[in-house]
1. Hey, could you check the range 152-166 for residues that are among the aliphatic types (A, V, I, L, M) and in a strand (DSSP E or B) and say which is most open to solvent (accessible area, probe 1.4 Å)?
2. Identify, please: which residue in the range 167-202 is assigned to a loop (DSSP other than H, G, I, E, B), among the hydrophobic types (A, V, I, L, M, F, W, C) and farther than 30 Å from Glu103 by Cα and is, among those, modelled with the lowest pLDDT?
3. Tally the residues that are under 23 Å from Leu86 (Cβ atoms) and either of a type in the set (S, T, N, Q) or in contact with a helix residue (DSSP H, G or I) (Cβ under 8 Å, 6 or more places away or on another chain) (or both), restricting the search to the range 151-170.
4. When residues of the range 105-116 are filtered for being under 17 Å from the mean Cα position of the chain (by Cα) and buried (at least 18 other Cβ atoms within 10 Å of the Cβ), how many remain?
5. Filter the range 64-75 down to residues that are touching a residue at least 60 places away in the same chain (Cβ under 8 Å) and within 9 Å of the chain's Cα centre (by Cα), then give me how many there are.
6. When you look at Leu100, is it in contact (Cβ under 8 Å) with a residue 40 or more places away in the chain, part of a strand (DSSP E or B) and over 26 Å from Ala186 (Cβ atoms), yes or no?
7. Can you tell me which residue is most open to solvent (accessible area, probe 1.4 Å) among those in the range 131-151 that are more than 24 Å from Val174 (Cα to Cα) and either part of a loop (DSSP other than H, G, I, E, B) or small (Gly, Ala, Ser) (or both)?
8. What are the pairs with Cβ atoms under 9 angstrom where one residue, in the range 175-190, is within 24 Å of Glu114 (Cβ to Cβ) and free of Cβ contacts under 8 Å to residues at least 40 places away in the same chain and the other, located anywhere, is open to solvent by 60 Å² or more (accessible area, probe 1.4 Å) and among the hydrophobic types (A, V, I, L, M, F, W, C)? Sequence gap at least six, or different chains.
Amino acid sequence: MPNTPSLTSSASPASPTLPSPPPAAGHAEGVSNEEFRAAMSRLASGVVLVTAQEPPLDPDDPQAPSGEDVGMTATAFMSVSLDPPLVLVSLREGSRMDDLLDEQPLWAVSVLSESQRHIAGRFAMKGRVSDRLLFADIPYLRGEATDAPLVGGALATLECRTEQRVRAGDHTLVIGRVLTASLPSADGGPLAYFRGRYRQLG
């Protein structure tokens, strides 16, 4: 009876194993920055303005000047939990807002309407001017729980206190407990972000 080759025998020297193709540049998992960015640009998202106030220069001196208001446009924002009410915002690691929320636990979110595209664009600019000037002609109220600016005419506003910060790659995920929630405006649709542009529904 002839010998039957074993299924577990090693490969013959005459059948060399071909090397695996090199991974895409920058990612061992095989996806490039451009591929990942293009794929995620097809995910439509809402647009919010995250705001907070810098702590006073001298917290022990009630006469010390308060810090500057800071704002940042964000599209990576979502609800996390109903009980307790939690939300999450993703911040680029080392950004001004990331650094601020590392020391300031109180912050706010204004859900922008389709008529507030100019606000989103203003606070998303690179190399922008002082945030004090950016807020100068925008109607807003100060939150009772956070003292952060809440944009007038927003579809919804939330005031939050940081519960947890999680480092994730080149971003920080900030999870906040919602302290207050209101609906300043019932008019208009949401401002959306899709394929690298601000858009309206419909």
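The values are calculated or read from the model by the stated rules, or taken from the named source; none is laboratory data. Because the structure is a prediction, the values reported are computed rather than measured. Reconstructed Cβ throughout: ideal geometry from the backbone, glycine too, with neighbour counts over all protein chains shown. Note: accessible area is taken over every heavy atom of the protein model, side chains too, but ligands, DNA and RNA are not part of it. Shrake-Rupley method; radii C 1.70, N 1.55, O 1.52, S 1.80 Å.
1. Val166
2. Here the residue is Ala186.
3. 6
4. Step one: filter the range 105-116 for residues under 17 Å from the mean Cα position of the chain (by Cα), giving 105-112.
Adding the requirement that they be buried (at least 18 other Cβ atoms within 10 Å of the Cβ) leaves 106-112.
Residues meeting the conditions: 7.
5. The qualifying residues number 1.
6. Criteria not met by Leu100.
7. Among those residues, the one meeting the criterion is Asp137.
8. Pro184/Leu141
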